[in-house]
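The values are calculated or read from the model by the stated rules, or taken from the named source; none is laboratory data. A quick note: this is a predicted structure, and the numbers were derived from the prediction, not measured. Neighbour counts are summed over all protein chains in view; Cβ atoms, including those assigned to glycine, are modelled from backbone coordinates with ideal geometry.
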Amino acid sequence: MTFTRKILSAVLVIGITLFTACKKDFDTVPVKELPEGNIITIDSLRKIYTAFDTTITNDISIYGVVTADAVTGNIYKELYIQDETNAIKLELLSSADFFIGDRVRVAIKGATVRRDRDMIVLDSINPDIAIIRQEQNQDLTPEVVTIDSLILIDIFASKYQGKLVQINNVEFDCADACKTWADGIGQRDENRVLIDTMGNSIVVRSSGFSTFAGDNLPFDQGSIVGVVSQYDGTVQLTIRNPNEFIVSNTRKSTCTPCPAFTYTKDFEDESITSGGWIQQNIAGNISWEASDQGSHPSFYGRISNYNGSSNVACETWLVSPAFDLSNTTNPEFFMESDVNYSGADLEVYITTNFTGDVTTTSWTQLSVPLDPDNSGWNTFYPSGAVSLVSYKSSGVRVAYKYVGSSSNGQTCEIDDIKIIDL
Amino acid sequence: MRIIKILSATVVFTTLSASAQTTPSSISNEDSTENATTIPAFTTSLDLLEGDAQAQDVSGLLQSSRDVFSNIAGFNFSAARYRVRGYDSENFSVSMNGVSLNEPEGGRAIWAFWGGLNDITRTQESKAGISSSPYSFGGIGGFSNIDSRATAVRKGTRISYASANRSYRNRVMVTHSTGMMENGFAIAVSASKRWAGEGYIDGTFYDGGSYLLSIEKKINDKHTIGLVGYGAPTARGKRSISTQEAYDLTGNNYYNSYWGYQNGKKRNSRIRTNHKPRIMLNHYFKVNEKTNINTSTYYSFGKEGNTRLNWYSAADPRPDYYRNLPSYYNNPGDEFLFEQQTNLWESNDPLATQLDFDQMYFANTKNLFTLSNADGVAGNSVTGNRAKYIIEEARKDVTHYGVNMNASHKHSEQIMINGGLDVSIYKSNNYKLIDDLLGADFWVDVDQFAERDFADETIAQSDINNPNRIVKEGDRFGYDYDININTYKGFGQIEGTSKKIDWFAALSLTSTSFWRTGNYQNGLFPDNSLGDSEKQSFFNYGIKGGAIYKLSGRHLIRLNGAHLTRAPFSRTAFVSPRTRDQVVPDLESEKLMSGDISYLVRYPKLKARATLFHTTLKDKTWSRSFYNDELNTFVNYMMTGVDQVFTGLEFGAEANVTSTIIVTGAFATGKFLYDSRPTATIIQDNSTELLAEDKTVYFKNFRIGGIPQTAASIGVQYRSPKYWFVGTNFNYFADIYLDANPDRRTEEAISKYVSSDPQVSEIVDQTKLDNDYTLNLFAGKSWKLKDKYFIRLNVNVNNVLDNTDFQTGGFEQLRYDQNEIGKFPPMIGYMLGRTYFAMVSLSF
């Protein structure tokens, strides 16, 4: 038995030694190295710009944390990154999934340090190959600054260009306080003036494509967070998310209170359906369209069942988005119209319970005065205020029902549809 | 009197050599094999090519081996997907009456084709590793030969019933053997039925039958003939393998995405059916006292079918498709959708977590479509509900026949000579058919992916000779091709024995040719899809030898070595057999070298073996296909020049501590590695364009994944002289790696990174899974009634501690995103929790 044990253990020992001895390292895939000397700070990068736009020709990388991303749509194909030394805006060749708090490496060979209307940017970055995420959730704390230091221009640039900042105790100017961040319907960028208690002001510029463009500005005083951009001599703040405006006080300057609810559809974006309007054809194939024909000074919505040679039988509905009127006191509906030719009158309906299908929705007709003269084109006829006080709930939708027959049909033009609670 | 003698002999047999009949292991093994089979080893996202053939092979091959290590390993390690020496199952030869049962396309022995015939397959001769074999040259892993001669089946009747909660819940089995009767006939019959409405895994069902008839007729002292026919018609609902996300969300590591409700009843979309009967005619010719010649002719036919969903111009209905999982929305800005999907999944709402057959039926009945030029007839318009969703069945219908001859000659008391010839003619017809239109009126036989990419309508045709074909339930569509494989083998072996040394040497020569016959002319590949492909021919040889040096009768040293070449398998040789006859570039034979050295101890109360082994496999061809929804097609990934190395040690011991207590121990560890930098070629099904070629895969020393590379077991059993026993085994598994995606180990995969970027290790490093353990229990008792009837009861419980977190393996998806490796996370399989198998049998 001892002999057996000896030999058995000898075999085992040899075997185990054999294994521990021949350690098998995994193959290594060839990968580029990044020498220490090829890493520069964002501050050094900014200094590459002296008087001319400069394209980087070396294998250089910068590291930084993303401080503004495209999630809310306020910036698009752009990122702001910042390190301990400075910050810069990146202009990308395509949109990319990098988010606030991502610490990234940016390989900047081929990119251009460019002065764009006095804003230093790093241009022509291909995010698919040049931006490499290192870590997530490394969010930077914004630096608290004052408006006067922010708007100070040194040579041509604010020293805060590209940086993430916070300004405390600010409010929007009275002229803007009741507006939205941008024109969400027309999808146009807008400037809003932010003032501090000393009367210094800075422009907050927001994109009409941002998810919050149609949201109301905060009326009261608070702190705001954003990245600093610049347009020629104007220093601007670009916010990341409206929820980073933290209201702390009632406002200091006295303004007229804002209407509790306001909605406008003015067709200036040449779209019938923007803002959530829906068309449904119950019969025929006649649709609303945006038009600016005639003497009316702007775009309006138009429908006609005349196809150039004859009238087409139809029933077409145009349904508004859902309005939440539950917090209003006296909501009122306004619109303007102009009608020509004979036929069934355009009808306005309202519901609080839209099923998604006009034929299965229970509608109440809304008595809205429309252009009474269908003998020709006039100036647009204002309806005056139509009370919606019976509809102080959520999910309120108004709808236009247009009916034409094969023998006649009106041409209806509508504009400046508003719901206002004062 | 004679009967009594036989019976008492049987009793002695049962009690003494408990391992032959009443070992809990021998009854549990087939069942635990099936445990292992419920987790596919490495399937593609749609695993279209393979079905789950790989999952059906014999991991418990050496179940009835007398070898102490193989015994313990076979019974305790298979549930963790352990593979002996890390070898794939093509290295293990399984035969019946000398006729190979390894299927020619992939070399694997697929247990399902004779599952349920345990009473017959129990009688087998097995050897582990390189060894002499009278039946064939065999594989380097070992061989098993099932003896289904009627006289080999124990005389008498055996009836058993088993209850279990694994893939099936009930099993009944009846076997009767007459033994050699006075008229020279011996007849054995066996039949079984295994079934479960729902197995351990949700949505799986099992319906398996099996039958065997074996007749033997002794003509005279020299000639005996035998006839064997068997089959095992089986249908089962399959289980999926998913990402950890799906398991976490559902709180169920056995989550199965394959089923859904239809009219309130569970329906599995993936059903595997197989029935491949085999008829064998054997001739046993005793030439003289020294020479025997056994000749077998066989004919095998039948089908394998695997169903799956397919869809046209519709959203991917699979609940665990990555775009249907919450993580797809886990981005800033999508918080609402992320939360909504997460809530649906976490509440286990079947509308989110399972297939929705009712919705598919609804969609199929609302899709009125007019197909112009239907069936290629100009002006023939057919209007009806064109199917958006169907269940299709991928079929492999096989005809296989051949002749096998084995001769043995006892040259002297010391020298034994064996030889054999084998001819195998194999053909499989591979095609798809419509299994269920799910309420629609028809399906149109065009390749929707090609249709999307090319304006020319002919290109999208599956068969340009039958364009725009309207297909209905039972009709073939999509692809239709044959794989033909002809093999001619011969081997010779010489064995010698002397007082101190036993030795053997063997040589084999094999000629293999295979080719594809296309039955459709594919619109994308009109020039190389129809008719016979070029024949791929290979000539291979093998040599092996071994010797046992007897230090004494109790202590032996054994040394074996083998070198062989092996033709590439047709399963990996064709780059895209569904569409064309192109083969992998530079197709060549695999080369194997293997050697082992063992020390064996044989005392009546102590048996032990310790072995060191080293095997290299060179020039293997590797191919997988997966669906890429950005390319809208199947992508075929092939590697040539794949070398593997298997080095390790095995140790097994069994000791009778007292007359009633037996202690067993087994330990196996190894390094099973890739040993080269293979060359990859990537092509897509719907394009002649190569996605990549001559791509170097930096795969050296990457671990062969999905199997534990280290396993250990320690067991103790008590055997009462009063015919009952009880035992337990503690098993430990370590060094389990995920099967690595080769493409992630290429220069291209990390080209945009520098060494310090975290993505480099995320993409390149191979994931090692946690070590884990299981505890098994077994017990049994036998009774003798009226000196004639024997009743045996066996129970075994696997994973007694109900460890449901044991990740036994998995694989990295072939599809990956360089920017975000977590977008396509690995697929992970778990060992089943506590399961049992209990059987009562009556024999007389």
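A few notes on this one:
- Subset of the range B:324-356 (residues that are more than 14 Å from chain A (Cβ to nearest Cβ) and touching a residue at least 60 places away in the same chain (Cβ under 8 Å)): B:Leu325, B:Pro326, B:Thr342, B:Trp345, B:Glu346, B:Asn348, B:Pro350, B:Thr353, B:Gln354, B:Leu355, B:Asp356
- Residues of the range B:108-126 satisfying the condition of being in a loop (DSSP other than H, G, I, E, B) and in contact with a strand residue (DSSP E or B) (Cβ under 8 Å, 6 or more places away or on another chain): B:Arg108, B:Gly115, B:Gly116, B:Leu117, B:Thr123
- For B:Ala734: the one exception among (1) within 24 Å of B:Lys620 (Cα to Cα); (2) within 14 Å of chain A (Cβ to nearest Cβ); (3) assigned to a strand (DSSP E or B): (1)
- Among the candidates A:Ser253, A:Ser206, residue that is closer than 30 Å to A:Arg397 by Cβ and among the hydroxyl-bearing types (Ser, Thr, Tyr): A:Ser206
- Filtered residue count, the range A:277-301, keeping only those that are of a type outside the set (A, V, I, L, M, F, W, C) and in a loop (DSSP other than H, G, I, E, B): 10
- Residue list for the range B:639-677, filter: within 13 Å of chain A (Cβ to nearest Cβ), without any contact (Cβ under 8 Å) to a residue 60 or more places away in the chain and closer than 18 Å to B:Ser70 by Cβ: B:Leu649, B:Ala655, B:Phe667
- Positions within the range B:539-590 being of a type in the set (Ser, Thr, Tyr) and surrounded by 17 or more Cβ atoms within 10 Å (Cβ to Cβ), in sequence order: B:Thr565, B:Ser570, B:Thr572, B:Ser576, B:Thr579, B:Ser589
- Residues in the range B:737-754 that are of a type in the set (D, E, K, R), in a helix (DSSP H, G or I) and more than 9 Å from every other protein chain (Cβ to nearest Cβ): 2 in all.
- Every test in (1) touching a strand residue (DSSP E or B) at 6+ places or on another chain (Cβ under 8 Å); (2) over 28 Å from B:Gly561 (Cβ atoms) is passed by B:Ser659 save one, and that test is (1).
- A:Ser253 vs. criteria out of contact with any helix residue (DSSP H, G or I) (no Cβ under 6 Å at 6 or more places or on another chain), of a type in the set (Ser, Thr, Tyr), within 25 Å of A:Leu150 (Cα to Cα) and not in a strand (DSSP E or B): yes
- Check on B:Gln359, at pLDDT below 95, in a helix (DSSP H, G or I) and surrounded by fewer than 18 Cβ atoms within 10 Å (Cβ to Cβ): yes
- Test: residue in the range B:703-726 that is within 14 Å of chain A (Cβ to nearest Cβ), outside any strand (DSSP E or B), more than 24 Å from the chain's Cα centre (by Cα) and aromatic (Phe, Trp, Tyr): no
- Counting residues in the range B:755-777 that are within 11 Å of another protein chain (Cβ to nearest Cβ), touching a Leu at 6+ places or on another chain (Cβ under 9 Å), crowded, with 20+ Cβ neighbours inside 10 Å and free of Cβ contacts under 8 Å to residues at least 60 places away in the same chain gives one or more.
- Which listed residue is within 21 Å of B:Arg792 (Cβ to Cβ), crowded, with 19+ Cβ neighbours inside 10 Å and hydrophobic (A, V, I, L, M, F, W, C), from B:Ala191, B:Ala162, B:Ala186: B:Ala162
- All of B:Ser462, B:Ser424, B:Ser428 fail the test of being of a type in the set (Ser, Thr, Tyr), in contact (Cβ under 8 Å) with a residue 60 or more places away in the chain and closer than 19 Å to B:Ser508 by Cα, apart from B:Ser424.
- Residue match in the range B:240-256 (condition: in contact with a Phe, Trp or Tyr (Cβ under 8 Å, 6 or more places away or on another chain), of a type in the set (Phe, Trp, Tyr) and within 27 Å of B:Ser428 (Cα to Cα)): no
- So B:Ala460, is it among the small types (Gly, Ala, Ser) and either buried (at least 21 other Cβ atoms within 10 Å of the Cβ) or closer than 30 Å to B:Ile683 by Cβ (or both): yes
- Qualifying residue in the range A:63-82 (condition: assigned to a helix (DSSP H, G or I), within 14 Å of chain B (Cβ to nearest Cβ), at negative phi and in contact with a Ser or Thr (Cβ under 8 Å, 6 or more places away or on another chain)): no
- Hits in the range A:302-330 - residues which are hydroxyl-bearing (Ser, Thr, Tyr), buried (at least 20 other Cβ atoms within 10 Å of the Cβ) and not in a loop (DSSP other than H, G, I, E, B): A:Ser304, A:Thr316
- For the range A:331-371, a residue qualifies if it is surrounded by fewer than 13 Cβ atoms within 10 Å (Cβ to Cβ), among the polar types (S, T, N, Q) and touching a residue at least 24 places away in the same chain (Cβ under 8 Å), and the qualifying residues are A:Ser342, A:Asn353, A:Thr359.
- 2 or more residues closer than 30 Å to B:Gly810 by Cα and under 22 Å from the mean Cα position of the chain (by Cα): qualifying strands (runs of 3 or more DSSP E) within the range B:145-259: B:185-196, B:206-218, B:234-237
- If you check A:Ile282, A:Ile286, A:Ile272, A:Ile278 for being at pLDDT below 90 and in the same structural domain as A:Ser304 (by TED's automatic domain parsing), only one passes: A:Ile282.
- Test: residue in the range A:233-248 that is in a loop (DSSP other than H, G, I, E, B) and over 21 Å from A:Leu217 (Cα atoms): yes
- Where strands (runs of 3 or more DSSP E) fall entirely within the range A:95-146, those with at least 3 residues that are within 14 Å of chain B (Cβ to nearest Cβ) are at A:103-107, A:131-135.
- Scanning the range A:29-62 for residues that are out of contact with any Ser or Thr (no Cβ under 6 Å at 6 or more places or on another chain), of a type in the set (A, V, I, L, M) and away from chain B (no Cβ under 14 Å) gives A:Ile40, A:Leu45, A:Ala51, A:Ile56.
- Number of the exception - A:Asn137 against (1) among the polar types (S, T, N, Q); (2) surrounded by 13 or more Cβ atoms within 10 Å (Cβ to Cβ); (3) within 22 Å of A:Leu90 (Cβ to Cβ): (2)
- Number of positions in the range A:79-97 that are buried (at least 20 other Cβ atoms within 10 Å of the Cβ) and within 16 Å of A:Ile42 (Cβ to Cβ): 9
- For the range B:385-407, filtering for residues that are over 17 Å from B:Leu101 (Cβ atoms), surrounded by fewer than 22 Cβ atoms within 10 Å (Cβ to Cβ) and among the small types (Gly, Ala, Ser) leaves 1.
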